[in-house]
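The next block holds one structure in the form of structure tokens; read it before the comments.
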Amino acid sequence: MPCNPSIGGTAKGHLVFEIDALGGVMGEMADKVTLQSRTLNLGKGAAVHSKRIQADRRKYQALMKHTLEKTENLRLVQAEIVSVEVDENKHVCGVMTHLGELWECSAVIIATGTHLGGRIFVGDVNYAAGPDGMLPANALTNSLLSLGVKMMRFKTGTPARVKRDTVNYAELELQPGEDNALPYSARTPADYLDGIEQI
């Protein structure tokens, strides 16, 4: 989960419902870690109403990791992938780890988030980095570029961190969460927010 701990919004919110309909667990995990739920764009037509939650990102990570580890017929292996290997016909034949291991495969799904060619921008200063102080995936980036994959920069626009005691909260507008929010997952009880004091 990114440093902005939200799930949903105008585009992604619909996808979370669709993932749930196909048996995925993203919505179910999101419901379990909800800190606040709101429906966006209520002043517009129903087609653009969209659910967005603020989540406990550390709890989401732990729950999702545990769920994946307990999933039957799924083998998890952790390593940094530094290149996608192709044969003479440009067909994928494997991936190379940073330890020099070749893992043979016929297809690769790359879900890197903001790690590929990752950079942090702070004002006029920028430097190579991944999210949360992690390293950027520069070797994999270079491998994909060599295969002709076009790279584009994804700007997350993380807001500046503000020291709490420098904010005059009396001047701000309170945006409370919804009391009877629709859960993301059909497997989540309708009263899933009962007992949770939404921020």
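The values are calculated or read from the model by the stated rules, or taken from the named source; none is laboratory data. If you're wondering where the values come from, they're calculated on a predicted model, not measured in any experiment. With ideal geometry, Cβ positions are generated from the backbone for all residues, glycine too; neighbour counts draw on all protein chains shown.
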| request: Go through (1) touching a strand residue (DSSP E or B) at 6+ places or on another chain (Cβ under 7 Å); (2) modelled with pLDDT of 90 or more and name the single condition Ser185 misses. | output: (1)
| said: With the requirement that a residue be acidic (Asp, Glu) and either touching a strand residue (DSSP E or B) at 6+ places or on another chain (Cβ under 9 Å) or in contact (Cβ under 8 Å) with a residue 40 or more places away in the chain (or both), what does the range 134-178 give you? | reply: Glu178
| request: Could you look through the range 86-127, keep only residues that are among the β-branched types (Val, Ile, Thr) and touching a residue at least 60 places away in the same chain (Cβ under 8 Å), and pick out the one that is surrounded by the most Cβ atoms within 10 Å (Cβ to Cβ)? | output: Thr114
| Which listed residue is at pLDDT below 95, over 27 Å from Met1 (Cα atoms) and among the charged types (D, E, K, R), from Glu88, Glu101 | Glu88
| Those residues of the range 143-152 which are exposed (fewer than 10 other Cβ atoms within 10 Å of the Cβ) and either closer than 18 Å to Gly130 by Cα or in contact with a Cys (Cβ under 8 Å, 6 or more places away or on another chain) (or both), in sequence order | Met152
| request: Take the residues in the range 153-167 that are surrounded by 10 or more Cβ atoms within 10 Å (Cβ to Cβ) and of a type in the set (Val, Ile, Thr), then tell me which one is farthest from Glu88 (Cα to Cα). | output: Val167
| query | Only one of Asp179, Asp165 is among the charged types (D, E, K, R) and at pLDDT below 85; which? | reply | Asp179
